[in-house]
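S.K.: Questions regarding the structure given below will be posed in turn.
The values are calculated or read from the model by the stated rules, or taken from the named source; none is laboratory data. In this text the structure is predicted, and so the values were computed from the model without any measurement. No Cβ is skipped: glycine too gets one built from the backbone with ideal geometry, and neighbour counts run over all protein chains shown. Remember, those area values only see protein heavy atoms, side chains included, never the ligands or the DNA or RNA. Shrake-Rupley method; radii C 1.70, N 1.55, O 1.52, S 1.80 Å.
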Amino acid sequence: MNDKETGLTAENTFGGMLRSQLLATVAVAVIAFVISGINASLSAVAGGLSVVLAAFIASKMAVSKRKDAASVLGSMLKAELIKIFLIILFLYIAIKGLDNKLVPLALIVGLAAAAIISGATISKRSKQLKI
Amino acid sequence: MEMVQAYTAIGIGLMVGIGAAGACIGIGNMCSSFLDGAARQPEMIPELQGKVFLLLGLIDASFIIAVGVALLFAFANPLLGALA
């Protein structure tokens with residue numbers, strides 16, 4: 001059973017990951033809005049979107065055209081490096097941009113939710129494969 | 001005030017440093033397993049590619065969160081605000 005038969009291509013997996021991260025960010029933003037108002041909601045969105053945007057750009061770079069293991073791994077690690085740099089850049093911009101309106105806890109929770117939820121995608125994919 | 005800044009700087013260094021060390025160990029383990037699996041079953045490489053990227057994100061999550069907290073303390077330190 002290969003990835004064409006199961007539909008578990010790298011692009012599908014990345015799409016599922018980004019959807020999960022966006023949903024987590026929106027959920028945290030709504031909860032932050034209910035608990036603490038618009039500034040907390042904006043902070044949560046800034047934290048979550050930093051991860052989602054960086055993961056989106058990195059996922060475009062992660063797919064290797066060559067199919068040998070070393071080049072696949074090389075392109076993955078390069079994409080991950082760029083992802084980390086982009087997250088640091090976006091977080092810096094968010095922290096400087098929001099300045100006095102920043103709610104630190106909401107920013108960190110939004111960031112953490114988006115960063116951790118990508119792991120949920122792998123269990124969903126494994127269920128499709130029934131492994 | 002200076003003491004708070006100094007201890008915050010040490011804390012930021014520890015957060016990023018220990019987080020990066022842990023993430024590197026995890027990524028090293030996973031990459032060696034990926035190469036092992038790819039050598040045994042090369043036809044599984046395209047499917048493993050997506051999973052490797054997801055797991056890279058998962059392993060890096062703790063490091064990314066630590067970097068986020070460190071950036072917050074570096075550029076908008078709430079402890080200094082409490083002092084002021």
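S.K.: Can we say A:PHE90 is under 18 Å from the mean Cα position of the chain (by Cα), modelled with pLDDT of 85 or more and among the aromatic types (Phe, Trp, Tyr)?
M.R.: Yes; evaluated as a whole, the condition is true for this residue.
S.K.: Would you mention how many residues in segment B:33-55 are out of contact with any helix residue (DSSP H, G or I) (no Cβ under 8 Å at 6 or more places or on another chain) and either more than 10 Å from every other protein chain (Cβ to nearest Cβ) or among the aliphatic types (A, V, I, L, M) (or both)?
M.R.: 3
S.K.: While we're on this one: Going by the conditions given, is A:LEU53 on the phi < 0 side of the Ramachandran plot and more than 12 Å from chain B (Cβ to nearest Cβ)?
M.R.: yes
S.K.: Going through segment A:59-99 one residue at a time, which ones are of a type in the set (Val, Ile, Thr), open to solvent by less than 10 Å² (accessible area, probe 1.4 Å) and either more than 7 Å from every other protein chain (Cβ to nearest Cβ) or within 17 Å of B:ALA70 (Cβ to Cβ) (or both)?
M.R.: Hits for segment A:59-99 are A:ILE87, A:ILE95.
S.K.: Here's something else I'd like to know. If you take the residues of segment B:56-75 that are more than 7 Å from chain A (Cβ to nearest Cβ) and of a type in the set (A, V, I, L, M), which of them is nearest to A:GLY110 (Cα to Cα)?
M.R.: B:ALA66
S.K.: Here's another thing I want to ask about it. Restricting attention to segment A:63-103, which residues are more than 30 Å from B:GLN49 (Cα to Cα) and in a loop (DSSP other than H, G, I, E, B)?
M.R.: Passing the criteria: A:LEU102, A:VAL103.
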